[in-house]
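Take a look at the structure below.
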Amino acid sequence: MTNGKLGRVTRAVYPGSFDPPTNGHLDVIERAARCFGELLVAIVVNPQKRAPMFSLGERETVLKACVSKLHNVRVEHFTGLLADYVRAARADVIVKGLRVVSDFESEMSAALMNRSLSEVDTLFLMSDQRYSFVSSSLVKEVFFLGGDVAALVPEPVLRLMTEKRTSLQRR
Ligand code: PNS
């Protein structure tokens, strides 16, 4: 494992649902990959979440395609507590993106909870202003109502979303 820009901190975990991954996620991944020696993009497997658009396998495949040129980034998945995954992965830090002030409230409690469970801190990257309004749920809603989201998601994601919509329309 190599050192990133931040010196001692070498392995970071970027967790999320990624249903679907957006350009906002990709921007955080690219910037975090420059800061840390190694970045694990960790997809949460949440059995309680009903009807995700992308299966876990699809999310893993598109995320891997999106990060294929980033040699210090790995895509993984986990079930259960993020704190347990982070400890098992021997990560130094959790990294998250902050889009708007309203994100701060829930992220602060999550960061404190995760630190109390795992002693691992969360570092935040401010979202690029181009993506501060972009969320997976909004992208899905707009896309399935016929809106253009081409500027908001990576190309492999748009392709898979289009396939999904076409197969739904055929039913
Ligand atoms: O992309 P999301 O849905 O905003 O990501 C949320 C995520 C995956 C970071 C959060 O739901 C999570 O950490 N889930 C794992 C279960 C857990 O540890 N819950 C307590 C969090 S303090």
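The values are calculated or read from the model by the stated rules, or taken from the named source; none is laboratory data. The structure presented is a predicted model; accordingly, all values stated were derived computationally and were not measured. When we count neighbours, we look across all protein chains shown, and the Cβ atoms used for this are built from the backbone with ideal geometry, even at glycine. Accessible surface is based on the protein model in full, side chains and every heavy atom, while ligands, DNA and RNA are left aside. Shrake-Rupley method; radii C 1.70, N 1.55, O 1.52, S 1.80 Å.
Structural remarks
- So Phe78, is it open to solvent by less than 50 Å² (accessible area, probe 1.4 Å) and assigned to a loop (DSSP other than H, G, I, E, B): no
- No other residue among Val100, Val93, Val62, Val75 is away from the ligand (no atom under 13 Å from the Cβ), touching a residue at least 60 places away in the same chain (Cβ under 8 Å) and under 26 Å from Ala150 (Cβ atoms) apart from Val62.
- Test: residue in the stretch 2-14 that is in a strand (DSSP E or B) and at pLDDT below 95: yes
So that you can scan it fast, the table gives a plain yes or no per residue for (1) in a strand (DSSP E or B); (2) closer than 19 Å to Val153 by Cα:
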{"site": "Val28", "(1), (2)": "no, yes"}
{"site": "Arg31", "(1), (2)": "no, yes"}
{"site": "Phe54", "(1), (2)": "no, yes"}
{"site": "Leu63", "(1), (2)": "no, yes"}
{"site": "Ser68", "(1), (2)": "no, yes"}
{"site": "Ala91", "(1), (2)": "no, no"}
{"site": "Val95", "(1), (2)": "yes, no"}
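- The residues of the stretch 14-33 that are open to solvent by 10 Å² or more (accessible area, probe 1.4 Å), more than 21 Å from Ser55 (Cβ to Cβ) and within 13 Å of the ligand (Cβ to nearest atom) amount to a single one, Gly24.
Yes/no matrix, rows are residues, columns are (1) in contact with a helix residue (DSSP H, G or I) (Cβ under 6 Å, 6 or more places away or on another chain); (2) modelled with pLDDT of 95 or more; (3) within 18 Å of Gly24 (Cα to Cα); (4) not hydrophobic (A, V, I, L, M, F, W, C):
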{"position": "Ala88", "(1), (2), (3), (4)": "no, yes, no, no"}
{"position": "Arg115", "(1), (2), (3), (4)": "no, yes, no, yes"}
{"position": "Val142", "(1), (2), (3), (4)": "no, yes, yes, no"}
{"position": "Glu155", "(1), (2), (3), (4)": "no, yes, yes, yes"}
